[in-house]
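The values are calculated or read from the model by the stated rules, or taken from the named source; none is laboratory data. The model shown is predicted, which means the values in this text are computed figures rather than measured ones. Note that each Cβ is placed from the backbone with ideal geometry, even for glycine, and that neighbours are counted across all protein chains shown. These accessible areas exclude ligands, DNA and RNA; they are computed on the full protein's heavy atoms, side chains included. Shrake-Rupley method; radii C 1.70, N 1.55, O 1.52, S 1.80 Å.
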Amino acid sequence: MISDLLTLRKELISAADDQDVADKKAEFNAQVTREIEALFDDPQYPQRRRSFSVIRKRLGVFDENDPDLKAILFSMGARVHKGEGEGALWELIYPDTPTTRPTRRKRPLLVRLGLAALVCAVLLVAGNTLMVTLLGTSLRDLAEGLIAPPPTLQSCLTDANGTMTEILRCNQTHG
């Protein structure tokens with residue numbers, strides 16, 4: 001609680017040697033961490049966000065914008081959600097805690113359309129090259145064959161160009 005923190009803070013200030021200072025600082029930081037976790041674990045605040053002033057007042061041993069308190073918050077995994085100074089809203093994230101995801105900035109519509117067109121063009125060129133290599137026909141020839149109307153006797157005779165074997169083949173096919 002606050003009285004424990006005040007006692008630890010006084011002991012830290014009055015510590016004599018470096019080892020004693022390190023021990024007292026570790027004990028103080030551990031107690032501060034426990035108090036902050038208890039504050040963030042309050043079930044009334046499921047998003048686990050608190051303002052810096054609320055955190056500082058709850059602990060009662062830190063001055064405004066104290067860098068030690070901010071260092072402890074950062075070491076716990078807390079991050080500033082929004083704001084600055086006393087009004088900064090801090091968020092403590094645990095792996096099992098649902099949080100809002102940072103929003104990705106979308107690219108403008110024209111850029112996305114341009115990228116999609118570029119990807120489609122690359123895929124068409126690669127597909128066409130593959131078809132020509134494997135089948136000996138291009139995508140264009142295949143599309144024309146699928147889109148073109150079915151041949152009639154008249155179009156077959158026109159394509160025969162007066163060759164007798166072609167005319168006979170047309171009569172057999174369409175006749």
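Filtering the range 153-173 to residues that are open to solvent by less than 80 Å² (accessible area, probe 1.4 Å) and either in contact with a strand residue (DSSP E or B) (Cβ under 6 Å, 6 or more places away or on another chain) or farther than 30 Å from Leu124 by Cβ (or both) leaves Leu153, Cys156, Leu157, Ala160, Gly162, Thr163, Glu166, Ile167, Cys170, Asn171.
When the test is whether a residue is without any contact (Cβ under 8 Å) to a residue 12 or more places away in the chain, part of a helix (DSSP H, G or I) and β-branched (Val, Ile, Thr), Val80 does not pass it. Quick check on my filter: what residues within the range 33-51 are modelled with pLDDT of 70 or more and open to solvent by 90 Å² or more (accessible area, probe 1.4 Å)? Those that are modelled with pLDDT of 70 or more and open to solvent by 90 Å² or more (accessible area, probe 1.4 Å): Arg34, Pro43. Scanning the range 115-152 for residues that are open to solvent by less than 70 Å² (accessible area, probe 1.4 Å) and not in a helix (DSSP H, G or I) yields Gly136, Thr137, Ser138, Ala148.
Of all residues in the range 21-32, those that are farther than 27 Å from Val54 by Cα, open to solvent by less than 60 Å² (accessible area, probe 1.4 Å) and either at pLDDT 75 or above or among the small types (Gly, Ala, Ser) (or both) total 1.
Can you confirm whether Ser75 is at pLDDT 80 or above and open to solvent by less than 50 Å² (accessible area, probe 1.4 Å)? Give the derivation first.
Details: at pLDDT 80 or above: yes; open to solvent by less than 50 Å² (accessible area, probe 1.4 Å): no.
It is false that Ser75 is at pLDDT 80 or above and open to solvent by less than 50 Å² (accessible area, probe 1.4 Å).
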